[in-house]
Structures are given as C-alpha cells and as structure tokens.
Amino acid sequence: QVQLVESGGGLVQAGGSLRLSCAASGLSFNTYGMGWFRQAPGKEREFVGGISGSGSRTSYADSVKGRFTISRDNAKTTVYLQMNSLKPEDTAVYYCGSRKGAFLVHTTVEAYDYWGQGTQVTVSS
C-alpha cells in the first residue's frame, strides 16, 4: 500500500519558518509527482506547491510564491516544503499528495491519487 506520512508541523510566530516533510512508501517514488496542499477550517483544500518526479519542475500558488520552496530527495523517498516568512493566513492542515506520472506538475486536488494524514501548521500574530 502507498503510505504518505507528513511531519514537521507546529506552532510558529509570524515571520518564522517551518520545514515539512512527507515520507513516502509503497510506490516507485521517482515516477510520481508530489504536491503540498493545505486546508483551513471551513475552506476547501487548496494547492500550495507541486514538484515533478525528477524534481526538475515546480509550481507554486501565488500566495506562497517566493516564501515556500518544495523539493524532493528521491533517494530518501521524501518531499519537503520549506516555509519561510510565515503569515497567520498560512495556518492550515498541510497535506502531502502523490500522483502517478513523473513529467507534469499538477495543481488540483482531483489530480492526486494518495494523501497523507496531514500536519497542522499554526502561525500566530
């Protein structure tokens, strides 16, 4: 079975940083595109950043561009989200998703096949 396990969430003050990790198992990691999404209470899950199987292509939501960086270590079968200059509006549960297909970066929830359990990120003002 495919398993995605997020970690690294927590409470941080505005302007601070967090690094989220998503450890994947049960899949041929480098043939899957990976993405980070977030969901705040009462809101739909939204795209944050995505990365192709090789790591050569990335995409970001406008709201996080320049502040967040997605990366992957295929040898460790792990994808990361480095979050800098955090804002209170970044508060959400952050989810890692995977999708079969290594060439494209997908930006919609519907495009992803598997999800982790999520990790809470809370940014205080």
Being closer than 22 Å to Gln1 by Cα and among the polar types (S, T, N, Q): is that true of Asn74 here? yes
Would you confirm whether or not region 78-96 contains a residue that is over 29 Å from Ser125 (Cα atoms), out of contact with any helix residue (DSSP H, G or I) (no Cβ under 7 Å at 6 or more places or on another chain), at pLDDT 95 or above and of a type outside the set (Val, Ile, Thr)? no
Does Ser124 fit the bill of being open to solvent by less than 60 Å² (accessible area, probe 1.4 Å), out of contact with any His (no Cβ under 8 Å at 6 or more places or on another chain), modelled with pLDDT of 95 or more and more than 15 Å from Glu6 (Cα to Cα)? yes
Region 34-47: number of residues that are out of contact with any helix residue (DSSP H, G or I) (no Cβ under 9 Å at 6 or more places or on another chain), assigned to a strand (DSSP E or B) and farther than 17 Å from Ala102 by Cα: 1
Which is part of a loop (DSSP other than H, G, I, E, B) and of a type in the set (A, V, I, L, M, F, W, C), of Leu27, Leu11? Leu27
Determine whether Ser52 is at pLDDT 95 or above, within 11 Å of Ala102 (Cα to Cα) and among the polar types (S, T, N, Q). yes
Residues located in region 97-125, provided they are under 14 Å from Gly33 (Cβ atoms) and touching a helix residue (DSSP H, G or I) at 6+ places or on another chain (Cβ under 6 Å): Arg99, Ala102
I'd like to verify a number: residues in region 33-42 that are touching a strand residue (DSSP E or B) at 6+ places or on another chain (Cβ under 8 Å) and open to solvent by 30 Å² or more (accessible area, probe 1.4 Å), how many? 1
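The values are calculated or read from the model by the stated rules, or taken from the named source; none is laboratory data. A quick note: this is a predicted structure, and the numbers were derived from the prediction, not measured. Positions of Cβ are generated from backbone atoms using ideal geometry, with glycine treated the same way; all protein chains shown enter the neighbour counts. Ligands, DNA and RNA are excluded from the accessible area calculation, which covers all protein heavy atoms including side chains. Shrake-Rupley method; radii C 1.70, N 1.55, O 1.52, S 1.80 Å.
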